[in-house]
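Note sheet for the following structure.
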Amino acid sequence: MCFVCGRENPIGLHLHFFVDDANRVHAEFTPREEHQGFPGVMHGGLLTTMLDELIGRTAIAIDLWCMTVKLYVRFKKPVPIGEPIKMQGEITKKSSRLLEGRGEIRLADGSLAVEATGTYMKIPDAQMEEYKSALAWWRVE
């Protein structure tokens with residue numbers, strides 16, 4: 001039932017994530033009218049949510065499960081409703097307990113609309129195994 005990726009969540013975004021050879025994670029999405037804040041523009045809170053999930057998925061792609069500690073988002077351009085966007089995320093730093101990552105959202109013309117950096121804390125092993133078992137389908141392809 002994850003709001004961002006849950007395949008059975010009737011009001012979710014239903015994002016699918018894909019990893020490339022450099023362990024960057026990608027997703028695509030076309031915002032609809034129900035995703036707007038101001039008329040014709042995607043809501044910034046939803047864009048933030050998508051970037052948070054995207055950066056977290058870059059960790060999952062390399063089997064590091066984590067939760068958000070902090071997230072910084074910078075909005076550069078409005079994201080129009082009805083036009084496809086592309087997202088890319090990557091891990092920029094790893095330590096024993098924390099990882100840092102970055103993500104971006106680009107418009108159909110390739111221009112940068114939103115960027116984010118975040119710090120994530122690794123989930124303890126025992127809790128991670130519980131989550132992995134419960135969320136076996138929750139993967140990056």
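The values are calculated or read from the model by the stated rules, or taken from the named source; none is laboratory data. Note that this is a predicted model, so its numbers are computed, not measured. Virtual Cβ from ideal backbone geometry, glycine too; neighbours counted across all protein chains shown. With ligands, DNA and RNA removed, areas are computed over all heavy atoms of the protein, side chains included. Shrake-Rupley method; radii C 1.70, N 1.55, O 1.52, S 1.80 Å.
Restricting attention to region 84-102 and to residues that are under 17 Å from Thr58 (Cβ atoms) and hydroxyl-bearing (Ser, Thr, Tyr), the residue that is most open to solvent (accessible area, probe 1.4 Å) turns out to be Thr92.
Answer yes or no as to whether Met1 is surrounded by 17 or more Cβ atoms within 10 Å (Cβ to Cβ) and out of contact with any strand residue (DSSP E or B) (no Cβ under 6 Å at 6 or more places or on another chain).
Details: surrounded by 17 or more Cβ atoms within 10 Å (Cβ to Cβ): no; out of contact with any strand residue (DSSP E or B) (no Cβ under 6 Å at 6 or more places or on another chain): yes.
In short, no.
Scanning region 103-120 for residues that are open to solvent by 60 Å² or more (accessible area, probe 1.4 Å) and in contact with a Ser or Thr (Cβ under 8 Å, 6 or more places away or on another chain) yields a single hit, Thr117.
Quick check on region 38-45. Is at least one of its residues within 26 Å of Glu129 (Cβ to Cβ), open to solvent by less than 50 Å² (accessible area, probe 1.4 Å) and at pLDDT 95 or above? No - not one qualifying residue is present in region 38-45. The lone criterion from (1) closer than 17 Å to Gly40 by Cβ; (2) of a type outside the set (A, V, I, L, M, F, W, C); (3) open to solvent by 50 Å² or more (accessible area, probe 1.4 Å) left unmet by Pro80 is number (3).
Is it the case that Leu13 is open to solvent by less than 30 Å² (accessible area, probe 1.4 Å), in a loop (DSSP other than H, G, I, E, B), closer than 30 Å to Lys94 by Cα and without any contact (Cβ under 8 Å) to a residue 60 or more places away in the chain? So that I can check it myself, show each step before the final result.
Values: open to solvent by less than 30 Å² (accessible area, probe 1.4 Å): yes; in a loop (DSSP other than H, G, I, E, B): yes; closer than 30 Å to Lys94 by Cα: yes; without any contact (Cβ under 8 Å) to a residue 60 or more places away in the chain: yes.
Spelling it out, Leu13 is indeed open to solvent by less than 30 Å² (accessible area, probe 1.4 Å), in a loop (DSSP other than H, G, I, E, B), closer than 30 Å to Lys94 by Cα and without any contact (Cβ under 8 Å) to a residue 60 or more places away in the chain.
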